[in-house]
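The values are calculated or read from the model by the stated rules, or taken from the named source; none is laboratory data. Predicted model, so just to flag it, every value in this text is computed and none were measured. Glycine gets a Cβ as well: all are built from the backbone with ideal geometry, and neighbour counts include every protein chain shown. Only protein heavy atoms, including side chains, enter the accessible area calculation; ligands, DNA and RNA are left aside. Shrake-Rupley method; radii C 1.70, N 1.55, O 1.52, S 1.80 Å.
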Amino acid sequence: MAIIIDNSNKKITSQKKQYGKLMVETSIRPENNSKIVVGLIRNVNKSNNLNTNNVQTINSEQTTSNIKTTSNSEVKINTPLKVNLNMEKRKSIDVTKSIKLKKGQKLSLNENAKNLSKLIVTLDYNIMAKGNIEFDLDACVFMVDTNNKTAEKDFIFYENTQSTCGGVAIKKDHNTYLKDAYNESIQLDLNLIPMHIQKLAFTVTVYEASQRNQNFGQVSDGYFRIISADTKQEILSYKFNEDLSIETAVVVAEIYRYKNDWKINSIGSGFRGGLEALCSNYGIETI
């Protein structure tokens, strides 16, 4: 997300979003010098069930969006989703043995990935933009524990890009440079994931969806892939945006423990309510 103040106006504005006690504040400064302050998260003990067949809506009385800008500031959004994607890098990936999953299908990673410590998750999509308003998608990973809750340190997003265990890192690729070829890349080392973490939920949200009147109906060719960093072989792929329209957030897939194995579930479940809806679903209170 690149937010630039017009050079003719040097005033600083800010945008704030609060999820429980987690406050994400972006100060918008000249020359794209932004700062984000992260506070604490408080988990909730209420049950939040994921309905894989229906769109879930977060009631407007249950969530608030604290976004403030000064009327005198001129803010320019300049965040192309696909900038300088290195398509040549994709040619180095062997896709001949890639398994094509459909929504709802499950697969053992232990049986299909030779090295669980060297995996790369990639996300790719095209945007059908309307007008001059930028369309910005954010990838997040919820590291969910045995109580179906996500601790503050285990919520991996654009300002907390790496887990404390080192097993999950957004915008990294085991030094393969494949991140340059996809919209999003997430580096995985499943051998480093603590035993109390039962699943990793990979999600995508539309940034400022309600303010910009945007949703996943404007997204096409959304693909989730897992690639072996060692062999540069694509292990699996699936199209995650099918049947999505008015949703503003989607649980793309979950990698979860099953006995002594890691498996993947291709979910593709849409929500209305953006990141707030996902936080509530994975045990983070939104206010």
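I'd like to know if segment 212-221 contains one or more residues that are more than 21 Å from G167 (Cβ to Cβ), among the acidic types (D, E) and part of a strand (DSSP E or B).
Yes, the conditions are met somewhere in segment 212-221.
List the pairs whose first member sits in segment 235-250 and is under 15 Å from L101 (Cα atoms), whose second member is in a loop (DSSP other than H, G, I, E, B) and open to solvent by less than 60 Å² (accessible area, probe 1.4 Å), and whose Cβ atoms are under 7 Å apart, counting only residues at least 6 apart or on separate chains?
I235/S98; I235/A113; L236/S98; L236/L101; S237/S98; Y238/L101
Exactly one of these conditions fails for R225: (1) touching a Lys or Arg at 6+ places or on another chain (Cβ under 6 Å); (2) surrounded by 17 or more Cβ atoms within 10 Å (Cβ to Cβ); (3) among the charged types (D, E, K, R). Give me its number.
(1)
In segment 101-131, which residues are touching a strand residue (DSSP E or B) at 6+ places or on another chain (Cβ under 9 Å), open to solvent by 70 Å² or more (accessible area, probe 1.4 Å) and farther than 22 Å from L190 by Cβ?
K102, K103, M128 - these are the residues of segment 101-131 that are touching a strand residue (DSSP E or B) at 6+ places or on another chain (Cβ under 9 Å), open to solvent by 70 Å² or more (accessible area, probe 1.4 Å) and farther than 22 Å from L190 by Cβ.
Those residues that are assigned to a strand (DSSP E or B), hydroxyl-bearing (S, T, Y) and open to solvent by 30 Å² or more (accessible area, probe 1.4 Å), I need them from segment 231-287; list them, please.
Result: Y256, Y258.
What are the residues in segment 148-183 that are more than 14 Å from L123 (Cα to Cα), at pLDDT below 95 and open to solvent by 60 Å² or more (accessible area, probe 1.4 Å), if any?
E152, K153, Y158, E159, Y177
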